[in-house]
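Taken together, the values in this text are just the output of simple stated rules run on the coordinates, not laboratory data. Since we're looking at a predicted model, the values are computed, not measured. Reconstructed Cβ throughout: ideal geometry from the backbone, glycine too, with neighbour counts over all protein chains shown.
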Amino acid sequence: MIYREYGQTGEKVSLLGFGGMRFKNVDDHDECVRMMVAAAEGGVNYFDTAPGYFGTKSETVFGKGLAELRRRNLPYFAATKTFESSEAGIRKEIEAQLKRLNIPAIDFYHIWCITDLNNWKERKNNGILQTFKKLKDEKLIRHICISSHLIKNEIKELLMEGAFEGVLFGYSAYNFNTRQEAFDAIKEKKLGAVVMNPMGGGVIPQHPELFGFMRREGESTVVAALRILWDHPEITNTLVGFETIEQVKEALQAMEGYKPRTSAELAEVKAKAPASFEGICTGCGYCAGCPAGVPIPQLMDAYNQKLLAKPGEKDPIGDRLYWHWDLERADAAKCTACGQCEKACTQHIDIIKRLKEIAG
Ligand code: SF4
Ligand code: SF4
């Protein structure tokens, strides 16, 4: 396992991290704990969860897993997050989180999911930074971090405030071009950088032919997708949301045989990523709950096929809609353009425009 310094904290974090958002069966506590132990025995020491992963079930099972790691003397850092921004709200949340996680302090505590700068301003106006500093003084958290889905100059602006010790953001082979500014700020402010969603919500393994540009001899698409992230020296940790213990083992094996590219080699591969990869829907579901009842993630999944279609392929959106047997183009026409979904979209997709195109 490779370990890297998390920003200026002095903590040494494993380059491969364990994300608690995709357990195949989160209610099978024994299996989830076995997965965490297998990862820790392979050298993983960064375990990330959130109060919204399977409701609070991910944090609860992490509580059991972390207790087992302590029993086996396996070192770990626990990371989680909060959407709350008032002092009262955060204190109530963290009290419950510490109980669920069964630990006295959270190592990396994140201000969760900034998708636009206005929302960040609102949270600051609610005193979130002061509250996080108090929690740190009280030793309830150890490091102040942020998670964000902002892109380009907006993420740079957020990170350049200098209020955080590290950042968590989505990064994978299909959005190389929209996160460079984040890396500029990470370098300048010497931040820890944890990246999530390395498989693009499954889009990358589902399209091995399109992501062949990053595969080296003998590498599967999954292994290549992880290794190309490890090639970035600014990245401290790559979170994988493991579903099964087999996936934990596969990721550990990818680390065993890993030979880093030089920065020139990395730049050469990144330059081959098609610009059309930008704006792919990752199926995260943050846009769900449309007041007009539009099934947005499903329709955006259908639109993905247009972005990923091979040259000459006819009607890729229609083909995908065929497989979503309960969807119709008319579902897209229900949109009233209220804008709610676009504000929530983690990938900054122009959903309304795409829906119009689907509706025809
Ligand atoms: S913009 Fe359209 S699709 Fe998005 S939430 Fe509003 S009505 Fe629903
Ligand atoms: S449209 Fe955006 S918010 Fe909705 S599922 Fe896709 S990426 Fe996520």
No partner Cβ under 4.7 angstrom, meaning no disulfide-compatible partner by this rule: which Cys of the chain qualify? Cys32, Cys113, Cys145, Cys281, Cys284, Cys290, Cys335, Cys338, Cys345
Can you list which of the trypsin sites (Lys or Arg not before Pro) found in region 1-98 are DSSP loop residues with at most 11 other C-beta atoms within 10 Å? Arg72
What's the magnitude of the charge dipole for the chain around its Cα centre, counting Lys and Arg as +1 and Asp and Glu as -1 at the beta-carbon? Answer in Debye, nearest 20. 560 debye
Would you mind giving the average projected area, over all directions, of the Cα convex hull of region 279-359 in nm² with one decimal? 4.8 nm²
Taking N as the number of residues in region 3-270, what is its Cα Rg relative to 2.2 N^0.38 Å? 0.97
Using only Cα atoms, what is the ratio of the radius of gyration of region 93-190 to 2.2 N^0.38 Å? 1.14
Using the beta-carbon distance between Phe213 and Ala267 and R0 = 22 Å, what value does 1/(1 + (r/R0)^6) give for FRET efficiency, to the nearest 0.05? 0.95
Cut-off 17 Å, label 7 Å out along Cα→Cβ of Phe83, residues of region 331-360 by amide N: 340-347
Computed label-point distance, nm, for sites Gln206 and Lys187 using a 7 Å Cα→Cβ extension: 3.4 nm
With both partners inside region 3-270, how many of the DSSP beta bridges are antiparallel, as a percent to the nearest 5? 10 percent
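Is there a quick way to get the dipole size of region 112-156? I mean about its Cα centre, with the Cβ of Lys and Arg at +1 and of Asp and Glu at -1; what is the value in debye to the nearest 20? Could the numbers behind the result be given before it?
Working: 10 positive and 5 negative charges, 37 e Å.
Dipole magnitude for region 112-156 comes out near 180 debye.
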Ala292-Leu117 FRET efficiency (beta carbon distance; Förster radius 35 Å; 0.05 resolution): 0.85
Once both labels are modelled 7 Å past Cα along the beta-carbon direction, what's the Glu234-Asp28 spacing in nm? 3.9 nm
Cα convex hull of region 42-88 - mean projected area over all directions, nm²: 4.1 nm²
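Between their Cα atoms, which of Lys12/Lys99; Lys64/Lys249; Lys187/Lys270; Lys121/Lys152; Lys92/Lys124; Lys136/Lys343 are more than 28 Å away from each other? Spell out each step's value before the answer.
Details: Lys12/Lys99 26 Å; Lys64/Lys249 21 Å; Lys187/Lys270 19 Å; Lys121/Lys152 18 Å; Lys92/Lys124 18 Å; Lys136/Lys343 31 Å.
From the list (Lys12/Lys99; Lys64/Lys249; Lys187/Lys270; Lys121/Lys152; Lys92/Lys124; Lys136/Lys343), the Cα-Cα distance tops 28 Å for Lys136/Lys343.
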May I ask you to list the GluC sites (Glu not before Pro) in region 140-197 that are in a DSSP loop and have at most 14 other Cβ atoms within 10 Å of their Cβ? Glu161
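What fraction, in whole percent, of alpha-carbon pairs in region 21-168 exceed 23 Å separation? If you can, show how the numbers build up before the last one.
Working: 4048 of 10878 pairs.
Here the tail beyond 23 Å accounts for 37 percent of pairs.
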Taking every DSSP bridge whose two residues both lie in region 1-101, the antiparallel percent to the nearest 5 is 40 percent
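Just the Kirkwood number for region 176-326, please: inverse of mean 1/r across all distinct Cα pairs, in Å, one decimal. Let's see the in-between values first.
On the way: mean 1/r = 0.0577 Å⁻¹.
Evaluated on region 176-326, it is 17.3 Å.
For Gln340 and Glu41 in one chain, what is 0.36 nm times their gap in residues minus the Cα-Cα distance, to one decimal in nm?
Length gained between Gln340 and Glu41: 103.3 nm.
Taking R0 as 56 Å, what FRET efficiency do you get between Lys314 and Lys139 from their Cβ-Cβ distance, rounded to the nearest 0.05? Walk me through the numbers before you get to the answer.
Details: r = 61 Å, r/R0 = 1.10.
It comes out at approximately 0.35.
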